[in-house]
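Structure, as structure tokens:
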Amino acid sequence: MERLITNYYETASIILFGIGFMTLLIHNNLIKKIIGMNIMDTSIFLFFIAKGYISAKEAPIIRAPYMGVEGYINPVPTALMLTGIVVAVSVTAFALALTIKIYEKYGTIELNEILEKGGD
Amino acid sequence: MNTLILFPVLFPITAAVAFNLITFKTRASRNIVTASVIIVNFLLVLLAFRFAAIPELQLVKTNSILDIYFKVDKLGILFSLLVSLLWICTAFYSFEYMKHEGREKSFFTFFTATLGVTLGIAFAGNLFTMYLFYEFLTLVTFPLVIHSGSEEAMQVGRKYLKYSFFGAALVLAGIALLYMSGSNFSFTGYGVINTVDVKSRGLLIFTYCLFFVGFGVKAAVVPLHAWLPSAMVAPTPVSSLLHAVAVVKVGIFALTRVTYYIFGAQVIKTIDSIYFVGPLVVFTILLGSILAYHQDNLKKRLAYSTISQLGYIILGLILLNRDSLTGALMHLVNHAVIKITLFFCVGAVMYMTGKKTIQEIKGIGKEMPITMGCFSIAAISLIGIPPTNGFVSKWYLALGGLHENRAIFVIILLTSALLTAAYLIPIIITAFFPGEDYRPSVSRRDPPANMLVPIVILTAVVVLLGLFPNLVLNFIKVIAVEVI
Amino acid sequence: MAAAANFPLLIILILFLSSFMMPVLKRVKAVKWLSLSSILLCVVLSVLTLAYVQQNGAFLYKVGHFEAPWGNELKIGYLEAIMSIMFTSIAALITWASFFSADYEIKEKNIMLYYTLCGMLLASLLGILYSNDIFNCFVFIELSSIAACGIVVVKDKKENIKAGVKYLILSSLGSGLVLMGIAFLYSITGNLNIGFIHQELVKVKDLYHNTLIISLGLFTVGLGVKSAMFPVHIWLPDAHTYAPSSSSALLSSLVLKAYILLYIKIIYRVFGIEIVKTLPILEIVLVMGAVGMIFGSILALLQKDLKRMIAYSSVAQIGYIFFGIGLGNILGLMAAIFHIISHALTKSALFLIAGNIIERIHSKEISRLKGIGIEMPITLGVFVVCALSMVGIPLFAGFNSKWNFALAIIDSNRILFIAVLVASSLLNALYYLPIIINAYFGEENTKDRVYMSKEKSLGALLPILILAFAIIYLGISSNGIIDLIAKSVSNL
């Protein structure tokens, strides 16, 4: 328990990951699925960035007094997550576009109804 | 001139491809071409024996397993001669017979191709090459089995494929297991596996059983025999070939190769495999005979009879002494000749009268005396009554059984001989002594010469081999000495 | 030849650049030829790369000016070189084949997009293959899933959109899991470069046993979803069935394989087989592979739709590959890699054939395929080659795969699994052979069929003929390729 509290970033991100994962899996509504996917991705971003953050240190933007290597947080995860966000956004956009198509063709975005209508 | 070995294998296959492309103007011209291809191929076989200086040929060797290697040894010579000669007889017989089956083009294409593939098995010099042709055999005989194209034939065809591929898969697993022990697998007189220790014993037994069951599928070992009686939907020349040489005998031949040329008699003896495969063989012999007794359809009766007779041959193989092996190989030859005669006779009856079951053929002996006469001689031979060739092989099989102090096998042989009599004699009796209510029919109608001549020649061979068995026997004895 | 070190990067760039140029071009024909010529150029470059690797051995290529842990790296060894030849050449053949089928299956306005997506897909797959940076791999994975999804929905039919959505959802689920796996690895090693991660992992493996299990587990499931490992294959049948045939061929023969190759890289290069062997994951992969081999085939047996049957057969074949990886020995890995190649050849040919057949018969039903052996003898002839290869008849590529698997099984002392191998190849025979039988034989089936009446032109048949030739070539002389695979495995 104590370990969970000390590593609260990780705990939170894993909980979020679980929520996102389940939303993605069990909901029938495609929009909800996409939201779940986003929650899942966000949780991973949180996890990554938490790994790079070291408390009481500054963002690695070097201004007047240079505080040495020890003075800044690790910038790599943050940079990576920028890429990650871009990727997630593009996947989301694509998924939403497909959802619109689905609505046009089937008149619904509930996955179970779509599957019932089948491929005639 | 080692490449001579290749010709008898490739020539018929090439010819078959050509048949498929050429359209013959008349039936006669196709028959002449087919006959000459098959006869020329026989000459090629002889030529290969005579002039191939070192009778072996490494065709392709890309890695340690993909190694296509041909070698002609005495067993191969025996088998290939048997195959080529019977093929000639069957060719002539089918020229007439296939007239009423139709689609002769497809028939003669695959008929010729099968000859090449079978000879490939006879000349295969290592396990892989044999396996390769064994798979091809399934593929080229399949169109023959489903020749009529009816729904029933298609079903039987599927059954045949399933059984065959199952067997081949087991064989492949067996080859893989053997391969790990790392020796080379060219066929060698006393086997290539020399040592059996406690550790490898279990594995060897397992491997041998895989091979036995795998090749046993083609040799119709019970309980994997079911495809054989069903395959009777095929035209008679096909059934007779399948039974006499092409398929079931290939199973036996392959089993001989594995037993004596890969494992070696000594190793098989050490691993006591007879306790594992013996019961299967005994079942095969007895069950085959008993089931044959219950068949009304003549071809089916002969099919079950084949199962039982194949059991004899395998029994001879696994008893592992010189006499039994001599008997087995002798019976391999004899049974081929006898069974092909029986099938030809039954086929002739079907062709001339359309009669298929025992009830129908009452008094047929009076209408077709020569055909049924030949049938009777062959039947007597199969039962094992001297002076026919069946007697010779059974004699050696019995000797082999006694040699091992296993009288039980001799008893089984005798029981089965009685059963053989029980299912064959009634046919002869019905044919010749139709009873009171029989009204003599039109006239004598023995089949045309194309069919009759092969039958008579083969019957003559049956008797000749009985009177002068030494022709073949001495040759076989040399083989036996070379491997045990 | 020193310039050859730049070729892998060049390949990716050429493909991306050419595919982004396509939407600008006005004429469909120009797009088609640009696509084919860029891929053909990549084939040549891949071959040169292999020659370079054979001369100088495996090498690391620095992208940009930064040294390894900061900058990006490509690693090109034998495996990457062979696979990139395979990827590009099969893609070239499929592209050639699609020239003749795209007009039939895809709306005119989408054809340009289709080739754009194909180019992107191939580039990102090669990116996954080459990259020595695990986060880079992730980016390429996402890119490839979007492109792969794109080539499924490009047909713009109801079912395609449905299949596409299903594929996209499961695929992004998979990428999420992979990213989480990367996050765990990063948190214990602080590196993303594969070589550096491995160095760090060797130091800390005892401290973080559970983290390693979780991380490898996430990779297994994530990449398993994407490459259709057995219980998580559910997206595959729909996607492969409804997609245009050339897309199905690309998906089945290349896309799935790229993820499997990444998985191999993760096991052998990121974790290292010694570490992986202390974790229970490989056993699960082995069992899943074996179950997939059987159930994939059984499901294929039950299908009535030709493409769906071939799709399920893919599930079974992917089972073989995971099975080989799961055996955990060198022979198993070699067998898996060989099977990746032989399956890619066979499956792409099968899907292209299915496309041809469907185009001419106007039906996907297996029961309607009677007598087509007479009508389309060449197409069906290649089908026979593929089917025999799948069943494992000697002299075809599939036999060598099966043989290698058998050796690997025996080498790992799990002889009972041979039964699985045997059973699976028999099941393959059960669903492929009836099609051939009905196509060529049977009186009712062949009545009134006109010889060659429905065959496509020789140009359209060229790709499948080349593939058939390659299958037979791999079946007869597999030595060269096996040697290369052995080399590539030894310096993974």
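The values are calculated or read from the model by the stated rules, or taken from the named source; none is laboratory data. Fair warning: this is a prediction, and the values are worked out from it, not measured in the lab. Note that we place each Cβ from the backbone using ideal geometry, even for glycine, and neighbour counts take in every protein chain shown.
Things worth noting here:
- Region C:73-93 residues that are over 21 Å from C:Leu13 (Cβ atoms), paired with ones that are hydroxyl-bearing (Ser, Thr, Tyr) (beta carbon under 6 Å, 6 or more apart): C:Tyr78/C:Ser488; C:Leu79/C:Ser488
- Test result for C:Lys370, touching a Gly at 6+ places or on another chain (Cβ under 8 Å), buried (at least 21 other Cβ atoms within 10 Å of the Cβ), within 14 Å of chain B (Cβ to nearest Cβ) and in a loop (DSSP other than H, G, I, E, B): yes
- Every condition in (1) in contact (Cβ under 8 Å) with a residue 12 or more places away in the chain; (2) of a type outside the set (A, V, I, L, M, F, W, C); (3) on the phi > 0 side of the Ramachandran plot is met by C:Gly190 except one, and the failing one is (1).
- Residue in region B:180-209 that is nearest to B:Thr129 (Cα to Cα), counting only those that are more than 14 Å from chain C (Cβ to nearest Cβ) and among the aromatic types (Phe, Trp, Tyr): B:Phe187
- Region C:109-126: number of residues that are more than 13 Å from chain A (Cβ to nearest Cβ), under 16 Å from C:Leu250 (Cα atoms) and either of a type outside the set (A, V, I, L, M) or not in a helix (DSSP H, G or I) (or both): 5
- Qualifying position, being part of a helix (DSSP H, G or I) and within 16 Å of C:Cys118 (Cα to Cα), among C:Val47, C:Val53, C:Val43: C:Val43
- Enumerated helices (runs of 4 or more DSSP H) restricted to region A:1-83, each holding at least 1 residues that are crowded, with 16+ Cβ neighbours inside 10 Å, at the interface with chain C (Cβ under 10 Å from one of its Cβ atoms) and within 17 Å of the chain's Cα centre (by Cα): A:8-26, A:30-52
- Residue in region B:396-408 that is surrounded by the fewest Cβ atoms within 10 Å (Cβ to Cβ), counting only those that are over 20 Å from the mean Cα position of the chain (by Cα) and touching a residue at least 40 places away in the same chain (Cβ under 8 Å): B:His403
- When the helices (runs of 4 or more DSSP H) confined to region C:136-240 are screened for residues that are at pLDDT 90 or above, within 9 Å of chain A (Cβ to nearest Cβ) and within 30 Å of A:Lys117 (Cβ to Cβ), those reaching at least 1 such residues are found at C:158-189.
- Wholly enclosed helices (runs of 4 or more DSSP H) of region B:241-293 bearing at least 3 residues modelled with pLDDT of 85 or more and within 18 Å of the chain's Cα centre (by Cα): B:248-256, B:274-293
- Residue pairs meeting the criteria (Cβ under 7 Å; at least 6 apart or on separate chains; first closer than 18 Å to B:Ala122 by Cα, in region B:324-344; second of a type in the set (D, E, K, R) and buried (at least 24 other Cβ atoms within 10 Å of the Cβ)): B:Leu332/B:Lys249; B:Ala336/B:Lys249
- Only one entry of A:Val91, A:Val86 meets the criterion of being touching a residue at least 12 places away in the same chain (Cβ under 8 Å), within 18 Å of A:Ile39 (Cβ to Cβ) and either within 11 Å of another protein chain (Cβ to nearest Cβ) or part of a helix (DSSP H, G or I) (or both), and that entry is A:Val91.
- First in region B:1-27 and closer than 19 Å to B:Thr141 by Cβ, second anywhere and at pLDDT 85 or above and not in a helix (DSSP H, G or I), Cβ under 9 Å, 6 or more apart: B:Val9/B:Phe70
- Selection status of B:Leu413, free of Cβ contacts under 8 Å to residues at least 60 places away in the same chain and either among the small types (Gly, Ala, Ser) or part of a helix (DSSP H, G or I) (or both): no
- Sole exception among (1) assigned to a loop (DSSP other than H, G, I, E, B); (2) farther than 30 Å from C:Asn404 by Cβ; (3) within 14 Å of another protein chain (Cβ to nearest Cβ) for B:Leu224, by number: (2)
- Condition met for B:Ala124 (more than 10 Å from chain C (Cβ to nearest Cβ) and of a type in the set (Gly, Ala, Ser)): yes
- Here is the figure for region C:461-472: residues that are closer than 15 Å to C:Phe338 by Cβ and free of Cβ contacts under 8 Å to residues at least 40 places away in the same chain total 0.
Here is a yes/no grid of residues against (1) assigned to a helix (DSSP H, G or I); (2) surrounded by fewer than 16 Cβ atoms within 10 Å (Cβ to Cβ); (3) not small (Gly, Ala, Ser):
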residue: B:Thr3; (1), (2), (3): yes, yes, yes
residue: B:Thr14; (1), (2), (3): yes, yes, yes
residue: B:Asn20; (1), (2), (3): yes, yes, yes
residue: B:Phe24; (1), (2), (3): no, no, yes
residue: B:Arg30; (1), (2), (3): yes, no, yes
residue: B:Ala35; (1), (2), (3): yes, yes, no
residue: B:Ile38; (1), (2), (3): yes, no, yes
residue: B:Asn41; (1), (2), (3): yes, no, yes
residue: B:Leu46; (1), (2), (3): yes, yes, yes
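- Filter result for C:Val270 (over 20 Å from the mean Cα position of the chain (by Cα), more than 14 Å from every other protein chain (Cβ to nearest Cβ) and in a helix (DSSP H, G or I)): yes
- Selection count where residues are hydroxyl-bearing (Ser, Thr, Tyr) and closer than 22 Å to C:Leu79 by Cα, scope region C:112-148: 4
- Selection of region B:141-154 for residues being touching a residue at least 24 places away in the same chain (Cβ under 8 Å), part of a helix (DSSP H, G or I) and more than 7 Å from chain C (Cβ to nearest Cβ) yields B:Thr141, B:Leu144, B:Val145, B:Glu152, B:Ala153.
- Those residues of region A:104-120 which are more than 9 Å from chain C (Cβ to nearest Cβ), surrounded by 12 or more Cβ atoms within 10 Å (Cβ to Cβ) and not polar (S, T, N, Q), in sequence order: A:Ile109, A:Glu110, A:Glu113
- So C:Glu73, is it crowded, with 20+ Cβ neighbours inside 10 Å and acidic (Asp, Glu): yes
- Within region B:176-203, being surrounded by 23 or more Cβ atoms within 10 Å (Cβ to Cβ) and in a helix (DSSP H, G or I) holds for B:Ala176, B:Leu178.
- Verdict on B:Thr112 being within 14 Å of chain C (Cβ to nearest Cβ), touching a residue at least 24 places away in the same chain (Cβ under 8 Å) and buried (at least 22 other Cβ atoms within 10 Å of the Cβ): no
- Listed conditions (1) free of Cβ contacts under 8 Å to residues at least 40 places away in the same chain; (2) surrounded by fewer than 17 Cβ atoms within 10 Å (Cβ to Cβ); (3) within 10 Å of another protein chain (Cβ to nearest Cβ) are all met by A:Lys101, apart from (2).
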